[in-house]
Amino acid sequence: MFHLQGPQVLQMLEKSLRKSLPESLKVYGTIFHMNQGNPFKLKALVDKWPDFTTVVIRPQEEEMTDDFDHYTNTYQIYSKNPPNCQEFLGSSGVINWKQHLQIQSSQSSLNEVIQNLAAAELVKVKQEQGILYMLPKTASKLLPSLPEANNLPLKSGRRKVINEEMFKLSSMDVTHAALVNKFWHFGGNERSQRFIERCIRTFPTFCLLGPEGTLVSWSLMDQTGEIRMGGTLPEYRAKGLISYLMDVHSHALVKLDYPTYYHTLETNKIIQKMSHSLNHITMPCNWNQWHCVPL
């Protein structure tokens with residue numbers, strides 16, 4: 001196992017992972033932000049260097065003090081050879097199976113290995129899958145060989161028109177975290193709220209404030225560079241607010257040269273329809289998350 005440190009080595013890893021997109025997307029996006037200052041204090045582990053086969057991104061040990069905080073205890077994994085990465089992932093110091101944790105990857109092919117390791121470590125696993133989307137400009141830059149990246153206009157579809165007298169565009173404040181937490185599919189508890197607060201403090205955010213100046217729609221990203229949490233209060237839905245906000249947020253990230261992507265669950269037809277209307281590109285691989293709990 002090699003712990004990669006220093007800007008030059010991490011930039012080499014980022015460049016190498018770029019060649020394996022979109023399967024490496026979750027890890028590539030995380031490494032990209034590690035190279036932008038590493039605000040979440042993460043570290044990169046590889047099985048060998050420079051000719052690595054498997055990469056694991058995880059928090060530094062001093063960040064993982066709460067054994068029940070799977071939002072902090074999150075690992076991103078990419079492997080060039082998923083069937084043969086079990087030995088490395090099972091090595092001491094790679095994954096702390098005694099904690100509640102999450103594993104994220106753009107490779108559903110890792111499922112068998114993760115299930116095998118979890119069974120050996122007496123850990124219960126719940127897998128979630130979603131559809132991965134990328135902005136046309138990001139795809140054109142990072143995935144020029146992807147047919148969809150060349151067959152669509154580089155600008156997004158037409159942005160929704162909203163009532164700008166009623167809704168004010170703004171950045172988010174940490175006081176908004178409680179409301180986001182209430183509606184986030186993966187949230188609803190104190191630990192998820194702390195994670196949301198950290199994301200709001202760390203990364204570019206956008207929201208719409210209603211007539212009373214209160215939060216009605218929001219969009220924010222996580223430590224992997226993914227636009228991860230977006231939503232609208234029920235009473236303000238079907239007005240095109242999240243579509244408008246997603247377009248604003250994603251364009252702002254593209255201007256910063258961030259790899260801009262997001263996911264939605266198979267059941268969320270509304271976001272799928274929005275993604276199609278904005279000409280966002282469906283990736284040929286899935287978004288995957290494994291929630292692991294020691295028995």
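The values are calculated or read from the model by the stated rules, or taken from the named source; none is laboratory data. Note that the structure is a prediction, hence the values are computed from the model and not measured. Note: ideal-geometry Cβ built from the backbone for every residue, glycine included; neighbour counts use all protein chains shown. Remember, those area values only see protein heavy atoms, side chains included, never the ligands or the DNA or RNA. Shrake-Rupley method; radii C 1.70, N 1.55, O 1.52, S 1.80 Å.
With contacts defined as alpha carbon pairs under 8 Å and 6 or more residues apart, what's the relative contact order of region 193-295 in percent? Spell out each step's value before the answer.
On the way: 100 pairs, mean separation 19.2, N = 103.
Worked out over region 193-295, it gives 19 percent.
If you roll a 1.4 angstrom probe over the protein chains with everything in place, what fraction of the accessible area of the chain belongs to carbon and sulfur, to the nearest %? Mind showing how you got there, number by number?
Numbers: 6710 of 13750 Å².
Taking all protein chains in place, the chain shows 49 percent carbon and sulfur surface.
How high is the FRET efficiency between GLU61 and ARG194 when r is their beta carbon distance and R₀ equals 22 Å, given to the nearest 0.05?
Values: r = 19 Å, r/R0 = 0.84.
The formula returns an efficiency of 0.75 here.
Could you state the accessible area per residue of the chain in Å², with a 1.4 Å probe and every protein chain left in place? Numbers along the way, then the final one.
On the way: 13750 Å² over 295 residues.
About 47 Å² of surface per residue is accessible.
What 222 nm value per residue comes from the helices of the chain, counting each DSSP H run with n ≥ 4 as -39,500 (n - 2.57) and dividing by all residues, nearest 500 deg cm²/dmol?
Details: 10 runs with 91 residues, N = 295.
Theoretical 222 nm ellipticity from helices: -8500 deg cm²/dmol.
Please give, to one decimal in nm, the separation of the simple spin-label points placed at VAL125 and LEU265, each 7 Å out from Cα toward the Cβ.
Distance between the two pseudo-spin positions: 2.0 nm.
From Cα pairs below 8 angstrom and at least 6 apart in sequence, can you work out the relative contact order of region 112-241, rounded to a whole percent?
Working: 137 pairs, mean separation 23.3, N = 130.
So the answer I get is 18 percent.
Taking Cα pairs under 8 Å and at least six residues apart, what relative contact order does the chain come out at, in percent? Could you put the intermediate results ahead of the total?
Values: 544 pairs, mean separation 70.2, N = 295.
Computed over the chain, the figure is 24 percent.
Describe numerically, in nm with one decimal, the distance between label points set 7 Å from Cα along Cα→Cβ at HIS291 and at TRP97.
For HIS291 paired with TRP97, the spin-label model returns 2.1 nm.
Stretch LYS168-LYS182 to full length: gain in nm at 0.36 nm per residue minus the Cα-Cα span? Working shown, then result.
On the way: separation 14, 0.36 × 14 = 5.04 nm, distance 2.18 nm.
Full-extension gain reported as 2.9 nm.
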